[in-house]
Structures are given as structure tokens and as C-alpha cells.
1. Out of the residues in segment 39-65 that are closer than 13 Å to residue 22 by Cβ and more than 11 Å from the chain's Cα centre (by Cα), state the one that is surrounded by the most Cβ atoms within 10 Å (Cβ to Cβ).
2. Take residue 63 and decide whether it is aliphatic (A, V, I, L, M) and in contact (Cβ under 8 Å) with a residue 40 or more places away in the chain.
3. Across segment 16-38, which residue is surrounded by the most Cβ atoms within 10 Å (Cβ to Cβ) among those that are more than 10 Å from the chain's Cα centre (by Cα) and basic (Lys, Arg)?
4. Within the set of pairs 6 or more residues apart or between chains, which connect a residue that is part of a helix (DSSP H, G or I) inside segment 17-41 to a residue that is open to solvent by 60 Å² or more (accessible area, probe 1.4 Å) with Cβ atoms less than 7 Å apart?
5. I'm told residue 11 meets every condition in (1) at pLDDT below 95; (2) touching a strand residue (DSSP E or B) at 6+ places or on another chain (Cβ under 9 Å); (3) surrounded by fewer than 13 Cβ atoms within 10 Å (Cβ to Cβ) except one. Can you identify the failing condition by its number?
Amino acid sequence: MIENTKNVTALAEISAGRDHIQTFEFARAINRLSQTIRKGYSQTGHYLGVRPIKAGNRLLWPVAAIAALLNGGA
């Protein structure tokens, strides 16, 4: 439980009030490599149930969905 609280706190710091974050920030929030997230997205269209939006050549991940994932949902 302490680890989840730490991850949610880190997510709040990373997002800095934004609604969406980039892939490298998502990776840092959930302690994964960016390439792992990109590969999962390319295979399934989501990563652990979190679906990004595309903005040009970037994937932007919704902070609310990531927070739900970290709290045991998604």
C-alpha cells in the first residue's frame, strides 16, 4: 500500500496539474521503460487498460486513468 501511495504522489508531481502526460512520464510513474509501454500499445491499442490519445506523433496518456491503475483499478 505504501508503494501505491508513493507512485500516486510521484504521478501528481510528474503531471503538474495536466490532464495528459507523455509516454516517458507514464513510464516513470509506473516504473517501466518507455519502450515497454510503446510495445504494449502497438500490440493491443492500450497499456494495462489505459488508452492514450494521439497528438501528432506523440501518445498522451490520461492522468486520471493512470491514477486509477495505481489505485488498483483500470
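The values are calculated or read from the model by the stated rules, or taken from the named source; none is laboratory data. Since we're looking at a predicted model, the values are computed, not measured. Note: ideal-geometry Cβ built from the backbone for every residue, glycine included; neighbour counts use all protein chains shown. Heavy atoms of the whole protein, side chains included, go into the accessibility calculation; ligands, DNA and RNA do not. Shrake-Rupley method; radii C 1.70, N 1.55, O 1.52, S 1.80 Å.
1. Taking the candidates together, the pick is 41.
2. Considered against the rule, which asks whether it is aliphatic (A, V, I, L, M) and in contact (Cβ under 8 Å) with a residue 40 or more places away in the chain, residue 63 comes out as yes.
3. Of everything passing the filter in segment 16-38, 38 is surrounded by the most Cβ atoms within 10 Å (Cβ to Cβ).
4. Pairs found: 23/38; 27/33; 34/24.
5. Of everything listed in (1) at pLDDT below 95; (2) touching a strand residue (DSSP E or B) at 6+ places or on another chain (Cβ under 9 Å); (3) surrounded by fewer than 13 Cβ atoms within 10 Å (Cβ to Cβ), residue 11 misses just condition (3).
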